[in-house]
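The values are calculated or read from the model by the stated rules, or taken from the named source; none is laboratory data. Every value quoted in this text rests on a predicted model; they were computed, and no experiment measured them. Backbone-built Cβ (ideal geometry, glycine too); neighbour counts: all protein chains shown. For accessibility, only protein heavy atoms count, side chains too; no ligands or nucleic acids. Shrake-Rupley method; radii C 1.70, N 1.55, O 1.52, S 1.80 Å.
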Amino acid sequence: MATPEEPIRLALVDDHRMLLGALTEWIRSAADDITLVAAVTTWPELLTSPAFPVDVVLLDLDLKDSIPVSLKISTLKTAGVKTVVMSTYSEPNVVREALGSGALGYLVKSEDADMIVEAIRAAQRGEQYVSAELDLAINSGDVGGVPKLSAQERRVMALYGGGEPVKSVAYQLGISEETAKSYLKRIREKYRVAGFDVGTKVALRKRAITDGIIVQDGSPVGL
């Protein structure tokens with residue numbers, strides 16, 4: 001398995017060959033810390049691949065093979081492989097089932113490519129990553145409460161709310177400026193749905209202090 005100095009060994013499983021090809025090319029050119037070691041169209045092909053077990057699998061939810069996704073995820077987990085599920089479906093119960101089965105990420109296929117890479121990195125760290133729109137859907141009953149932020153979102157909010165410019169936030173977290181901006185957009189949308197306006201940097205800072213993400217002097221809390 002990968003160490004901090006080694007690239008993440010990734011396998012893609014998707015029965016749509018065009019999407020599989022596009023993702024293969026994009027990941028190979030866009031992420032130096034991820035090595036694509038297998039790109040297959042069926043579940044058996046993954047399990048019999050010479051590269052298996054890998055570090056992370058980006059798994060299409062519906063491979064049309066009648067094998068429950070929960071069984072696939074638990075099989076991968078037993079093998080020490082982390083799973084990020086990708087799908088065109090965004091129903092909250094489908095997302096909850098995948099996450100409840102042990103998936104560390106769930107993305108809709110319309111997600112920005114940068115965020116797919118971030119989901120793979122989060123899975124490697126053992127952190128959960130869910131598309132912003134899906135997170136809002138599955139936590140829609142939490143309106144009025146503090147929104148649930150991922151570990152990386154908390155890091156972004158702590159640094160940005162603590163006074164760092166976006167460029168510095170990106171540098172410190174080892175992500176691109178565009179990815180940092182995407183995180184801020186997700187954070188603001190989650191707070192908006194929860195009933196809090198953090199559209200300005202000042203408002204976001206105040207919210208970060210209120211929610212215990214940073215202390216009064218701008219220092220991050222436990223990050």
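Overview of values
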{"read-out": "Test result for Ser101, more than 17 Å from the chain's Cα centre (by Cα) and of a type in the set (Ser, Thr, Tyr)", "value": "no"}
{"read-out": "Which numbered condition Glu177 misses (of (1) more than 26 Å from Val13 (Cα to Cα); (2) modelled with pLDDT under 90; (3) in contact with a Phe, Trp or Tyr (Cβ under 6 Å, 6 or more places away or on another chain))", "value": "(3)"}
{"read-out": "The listed residue being in contact (Cβ under 8 Å) with a residue 12 or more places away in the chain and not in a helix (DSSP H, G or I), out of Val169, Val156, Val146, Val198", "value": "Val146"}
{"read-out": "Among the residues listed as Asp197, Asp211, the single one being surrounded by fewer than 17 Cβ atoms within 10 Å (Cβ to Cβ) and more than 29 Å from Asp33 (Cα to Cα)", "value": "Asp197"}
{"read-out": "Long-range neighbours under 9 Å by Cβ, at least six apart or interchain, first residue under 11 Å from Leu61 (Cβ atoms) within the range 78-93, second open to solvent by 40 Å² or more (accessible area, probe 1.4 Å) and charged (D, E, K, R)", "value": "Thr83/Lys77; Met86/Lys109; Ser87/Asp62; Ser87/Lys109; Thr88/Asp62; Thr88/Lys109; Tyr89/Asp62; Ser90/Glu133"}
{"read-out": "Residues being assigned to a loop (DSSP other than H, G, I, E, B) and in contact with a helix residue (DSSP H, G or I) (Cβ under 8 Å, 6 or more places away or on another chain) - total across the range 172-195", "value": "3"}
{"read-out": "Flag for Ile27 being at pLDDT 85 or above and assigned to a helix (DSSP H, G or I)", "value": "no"}
{"read-out": "Flag for Glu189 being out of contact with any Cys (no Cβ under 8 Å at 6 or more places or on another chain) and at pLDDT below 85", "value": "yes"}
{"read-out": "Count of residues meeting criterion [at pLDDT 85 or above and open to solvent by 50 Å² or more (accessible area, probe 1.4 Å)] in the range 30-49", "value": "8"}
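Here is a yes/no grid of residues against (1) at pLDDT below 90; (2) surrounded by 14 or more Cβ atoms within 10 Å (Cβ to Cβ):
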position: Thr83; (1), (2): no, yes
position: Ser87; (1), (2): yes, yes
position: Ser110; (1), (2): yes, no
position: Glu118; (1), (2): yes, yes
position: Val130; (1), (2): yes, yes
position: Val143; (1), (2): yes, no
